[in-house]
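Heads up: the structure comes next, in structure tokens.
The values are calculated or read from the model by the stated rules, or taken from the named source; none is laboratory data. Quick caveat, the model's predicted, so the values are computed rather than measured. Every residue, glycine as well, gets a Cβ built from its backbone with ideal geometry; the counts of neighbours run over all protein chains shown.
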Amino acid sequence: MVRKIFIKKMGNNAQSGSRSVLGQHKRLAVGASIAAMLAFAISCTSVPRYARQGDFAGVGSEFSGEIVEAHRNALRGLGPRWPGTQADEIARAYLVRGFRSHGAKTRRVSGPSEGSAALAKATHAGREHVIAEIPGNSDDVLLVVAAYPVLGSSNRIDDTGAAVLLELARAFETTTPAYGLRFALAEVRPAARVQAGDAQEAVDIGAWDRVETDDAARKLVIDGGRSLAATIRDERETSHIRAVIVLDLSADAPLRFSRDLRSHPGFRELFWDSAARYGQESMFPRDANWTASGRLQLVFREAGVDRVLALVSDRTSAHSDAINAGRAAGPSTEEVTSFGRIMADGLTQLMHRFERVDAFSR
């Protein structure tokens, strides 16, 4: 009898301890959910005014570098951006509203994230990627990818790719493309500071490792891209993706692109031809350095998508050329305008190519 009572008491204690741990995790998760909802509510009332065509004299329906610069300035003005913070939510709201204003169907999707389940619940930590799509006449899509960094310090956050995607959406908003145009921003975040073995894991939304160098930031881009690619694969979307165009851009160097060894050679030739039509052979030189950067484009190949073109800014040679010429290292609005129009033309030519292939196969 005594043994039965002892066992029952031990069972009650174990259940009580289990409920206590579960309760702690539940409170953390609820607290994080409330914090996320509050941040979203604040973001809806604090989003910067969205840059529009009518704000700029002489800007028409074609891609504009001036509007790209306005988007970058609006996002930069939000200050340091850590995952799940108010600045992060406001930036995402700006991007989502922008894509929707151009007729794109927009969603925020959670991808796999490093760390334990407790950390993920408590910090709202699953990476969240922004995906927007302009529907086409076909169910198949062309996927254009750039990074969305939440790396804390403003000098580690480069929104050039995000701003270019917003402006590409505007450039296509009055058309119904032959194939859907899907724009994806892969969230790039630092590692979370977590003490191993701590059940509650001292969850502080701001407890992220500092990103001290550009090289460290670039390595984190791979993690963000891998999360996005895994999310798309898990949604069983890869069979509808006819091509992936990865933008690896920098605000610190003029736009001059390397030839990526891992890119689809036919896609590369098509975009280089578009550049020649716009008189921009110096931006897309046919004798450019070969590179195998292994960043965002590599993770899509890992996910089973091998029809990838990476447009990788040749930072080293471009930066040196700019210094030797005695001009600012960053791209001018005119350069960004030319690049965006080459992008729009290249995407259109790629669709024409797929139309011919599909017509032949029918």
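Go through segment 232-268 and count every residue that is in a helix (DSSP H, G or I) and either more than 22 Å from the chain's Cα centre (by Cα) or of a type in the set (Val, Ile, Thr) (or both).
Quick first cut of segment 232-268, residues in a helix (DSSP H, G or I) only: 232-234, 238-240, 265-268.
From the residues that got through so far, the ones that are either more than 22 Å from the chain's Cα centre (by Cα) or of a type in the set (Val, Ile, Thr) (or both) too are 232, 238, 265-266.
Residues flagged as in a helix (DSSP H, G or I) and either more than 22 Å from the chain's Cα centre (by Cα) or of a type in the set (Val, Ile, Thr) (or both) within segment 232-268 amount to 4.
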Item to check | Residue among ALA91, ALA104 that alone is under 16 Å from VAL188 (Cβ atoms) and buried (at least 20 other Cβ atoms within 10 Å of the Cβ) | outcome: ALA91
Checklist outcome for this item: With the first residue restricted to segment 223-246 and required to be more than 23 Å from ARG189 (Cβ to Cβ), and the second required to be charged (D, E, K, R), Cβ contacts under 7 Å at 6 or more apart or on different chains are HIS240/ASP139; HIS240/ASP140; ARG242/ASP140; ARG242/ARG307; ALA243/ARG307
Checklist entry - Would a scan of segment 302-310 turn up a residue that is crowded, with 23+ Cβ neighbours inside 10 Å and within 18 Å of VAL336 (Cβ to Cβ)? => result no
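Among PHE284, PHE339, PHE271, which is buried (at least 17 other Cβ atoms within 10 Å of the Cβ) and either modelled with pLDDT under 95 or not in a helix (DSSP H, G or I) (or both)?
Just one listed residue meets the conditions, PHE284.
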Checklist entry - Could you say whether any residue in segment 205-220 is crowded, with 18+ Cβ neighbours inside 10 Å and at pLDDT 80 or above? => result yes
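Just give me the residues in segment 134-166 being charged (D, E, K, R), under 13 Å from the mean Cα position of the chain (by Cα) and at pLDDT 90 or above, in sequence order. Working first, answer last.
Residues of segment 134-166 that are charged (D, E, K, R), as a first pass: 139-140, 156, 158-159.
Going one step further and asking which of them are under 13 Å from the mean Cα position of the chain (by Cα), we end up with 158-159.
Of everything in segment 134-166, just one residue is charged (D, E, K, R), under 13 Å from the mean Cα position of the chain (by Cα) and at pLDDT 90 or above, namely ASP159.
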Checklist entry - For segment 228-242, what are the residues that are out of contact with any Ser or Thr (no Cβ under 7 Å at 6 or more places or on another chain) and surrounded by 23 or more Cβ atoms within 10 Å (Cβ to Cβ)? => result LEU228, ALA229
